[in-house]
Structure formats: structure tokens, C-alpha cells
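I have placed the structure first, in the form of C-alpha cells, so that the comments after it can refer back to it.
The values are calculated or read from the model by the stated rules, or taken from the named source; none is laboratory data. Bear in mind the structure is a predicted one, so any value in this text is a computation, not a measurement. For neighbour counting, all protein chains shown are included, and Cβ atoms are generated from backbone atoms with ideal geometry for every residue, glycine included.
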């Protein structure tokens, strides 16, 4: 059942990404709404220990997917808030997994993430009233990477590597999304990269958590 559901998730993701390139809007929207429920079913059927945090993270991600289908102002803000909530839940999950805290790794990774985010912020041409939400969101995805590294240091396994890959993929996906939204131009190839890194991020984190 677990392999079947993971294969189904991969198929839905493939259909979604293909529909972006083929400009099949309805198929893209339908497949997008099926991604998180499929991954949630995989988690529930596979996990030996039920974690409400990861289920809630997938739920808020699904809400974000639906709300961002039509980029109206209220839906846009609510959708971003849903994804922010999902990221915070994943961060809490990573904190719970890392039984021991590595201070040196935390300092190094924090400085690295801050440097990258400051560089990216310098490339954004955004109005001042948008900078604060972007900074808050940047902190959340930065913490996602930082604490996934803490989990990797604690476990030092291939499975824990998936959590780091997932977090970095989220960082890439959200960074590209923010950039192209601020310049008001969303290309087909940019959207493809965003969705590809997004589906990889979710799958790596869920699969990594199940098998850790």
C-alpha cells in the first residue's frame, strides 16, 4: 500500500508538472489539489507512530495549494499564511526529532542562511509594505533548513539526509516563488521549477520522517 500511494503521488506530481508545460490549466488545478491528500494517505498508512504535527503541516499545505489557485489579494495572503503555518509545524517536528543541539552547526548554518537571504532580499524590487511579510517567511524557511541539519547531525543517516534535501527544496521553491511574484512575471519554466521542488520537498520530509 505504501509503495502504491507513493507511486500515485509521483504520478499526480508528474501530471501537474506536465500540465504546466502543456498549459492545461484545469488539469493542473485538479492535480494540485490531489497532491497533499495523497501524501497524507501515504503517511497515515505507513507510519507506525502517528504524529499530528506532520498531518497538520500537510493539511495547511493543502489549504495553501487551494487558496493560491486564484491569486486574489485575500486568498494570496491567506494561502501564504497557511504555508507559513506548515513550515512552522515542520520546524517544531525537527526540533522534537533532534534530541541534542549542536551549537557550532547552528551558528554556522544560521550565518549561511542569513547571508543567502540577505543576498536574495537585495535582488528583490518590492514595496516597503511587502518586505516585513517576506522577512517573516524567510525566517521560517531558514529555520526549516537549520533545524533539519540538526536532525541530520543527530542521526547521521541516509534517511535524515532526506529531511535536509526536503528543507532545501522548500527553500528553493519558496525563494523562486517570492522572486517571480515580486517582479509580477511568472514564466512557465519558473512555475515548473517551483512545483518540482515543492513536491520533492514534501515527499522527502514525509518519507524521511516515516523511516527515521
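Just wondering, is there one or more residues in segment 174-187 that are within 18 Å of residue 40 (Cβ to Cβ) and crowded, with 19+ Cβ neighbours inside 10 Å? Among the residues of segment 174-187, not one is within 18 Å of residue 40 (Cβ to Cβ) and crowded, with 19+ Cβ neighbours inside 10 Å, which makes the answer no.
Listed by first and then second residue, the pairs linking a residue in segment 171-182 that is over 10 Å from residue 124 (Cα atoms) to a residue that is crowded, with 18+ Cβ neighbours inside 10 Å and at pLDDT below 85, with Cβ atoms under 9 Å apart and 6 or more places separating them unless they lie on different chains, are 175/117. The single residue among 107, 136 that is at pLDDT below 90 and surrounded by fewer than 17 Cβ atoms within 10 Å (Cβ to Cβ) turns out to be 136.
Need pairs with beta-carbon distance below 6 Å; first residue closer than 16 Å to residue 137 by Cβ and within segment 63-80, second surrounded by fewer than 18 Cβ atoms within 10 Å (Cβ to Cβ) and modelled with pLDDT under 80; sequence gap 6+ or separate chains. Cβ pairs passing all conditions: 67/75. Modelled with pLDDT of 95 or more and either farther than 20 Å from residue 198 by Cβ or in a helix (DSSP H, G or I) (or both): does that describe residue 56? When the stated conditions are applied, residue 56 passes them.
Residue by residue through segment 132-150, note down the ones that are more than 16 Å from residue 77 (Cβ to Cβ) and over 17 Å from the mean Cα position of the chain (by Cα).
Residues of segment 132-150 more than 16 Å from residue 77 (Cβ to Cβ): 138-139, 141-150.
Scanning segment 132-150 gives a single hit, 150.
With respect to being surrounded by fewer than 19 Cβ atoms within 10 Å (Cβ to Cβ), in contact (Cβ under 8 Å) with a residue 24 or more places away in the chain and part of a helix (DSSP H, G or I), residue 85 fits the description.
If the condition is being within 22 Å of residue 156 (Cα to Cα), without any contact (Cβ under 8 Å) to a residue 60 or more places away in the chain and under 20 Å from the mean Cα position of the chain (by Cα), then segment 88-120 contributes 91, 92, 95, 96, 98, 109, 110, 112, 113. The residues in segment 1-28 that are surrounded by fewer than 16 Cβ atoms within 10 Å (Cβ to Cβ) and in a helix (DSSP H, G or I) can be counted, and the count is 14.
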